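Reviewing the structure listed below.
Read the figures in this text as sums done on the coordinates, not as results from a lab. Treat the numbers as computed from the prediction; the structure is a model and nothing was measured. Neighbour counts run over all protein chains shown; Cβ positions are idealised from the backbone, glycine included.
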Amino acid sequence: MRIEVDKIKEEEIELTEDIKAENWDLSSFDVKFVGNIHLCCRISRIGKEIVVNAEVTSVREIVCSRCLTQANQTVKQDFKLFLNVNDLGNFLDVDEALREEVLLNFPMKVLCSPDCKGLCAVCKANLNTDKCKCK
Ligand SMILES: [Zn+2]
Ligand SMILES: [Zn+2]
C-alpha cells in the first residue's frame, strides 16, 4: 500500500488492499495464515503528523494448545500509527509497519476459543465435545 505523502490531507482517505498471506510470512508452528490479509487504512494528516487508522483482517488456521483441535479463525485487529512527514520520503508505505504490529501482537497461547475446556488429563477426551468417562 503506497500513497504519495503530498496527497495526504486533513480529510481522511480510505485505502484497502489484499495481501497474500504467504507474502507476509507470519506463520508459526501452530498458526498458519491462509488466504489474503485484508488491510483497510484511513489516513489523514494533522500538521506534520500523519495518522493511520488501520484494520488488519487475517484468516488463521490454528491448532489449539489446550484441546489440540484444528480451527479456522478470522482475526480483526485495529492499529493506530503516527508518523512524522519529516521521516518519510515522497511515499508512505505502511505494509511493513503493519506486519510488525501483527507480529508484536501474536498470541502467546493459541486457543480455539477463550473458554476452551481442553482435554482430560487421563483419558484425553476432548471436554468441549465429549463427556469424560473417568471417575
Ligand atoms: Zn481448544
Ligand atoms: Zn477423562
Test item: Cα-centred dipole of the chain, Lys/Arg +1 and Asp/Glu -1 on Cβ, debye: 1240
Sequence neighbours fewer than 8 away in the same chain don't count; with that in mind, list the lysines whose C-alpha is under 29 Å from K7. K20, K48, K76, K80
Mean Cβ neighbour count within 10 Å, used as a protection proxy, ranking 19-31, 2-14 highest first: 19-31, 2-14
Sum -39500 (n - 2.57) across every DSSP H segment of at least 4 residues in the chain, then divide by the residue count to get the 222 nm mean residue ellipticity, nearest 500. -2500 deg cm²/dmol
As computed over the chain, the Cα convex hull volume per residue (Å³): 112
Amide H partners (placed H, <5 Å) of K117, local residues excluded: N128
Sort out for me the Cα centre separation of the stretch 37-113 from the stretch 11-34, rounded to whole Å. 8
Global size of the stretch 48-125 as Cα Rg and Dmax, reported in angstrom: 18.3, 62
Between N86 and K109, the two model label points (7 Å from Cα along the beta-carbon direction) sit apart by a distance in nm of 4.5
Ranked output for segments 52-59, 97-104 by mean other Cβ atoms within 10 Å, highest leading, reads 52-59, 97-104
Once you charge only the Cβ atoms, +1 for Lys and Arg and -1 for Asp and Glu, what is the size of the charge dipole of the stretch 16-87 about its Cα centre, to the nearest 20 debye? 200
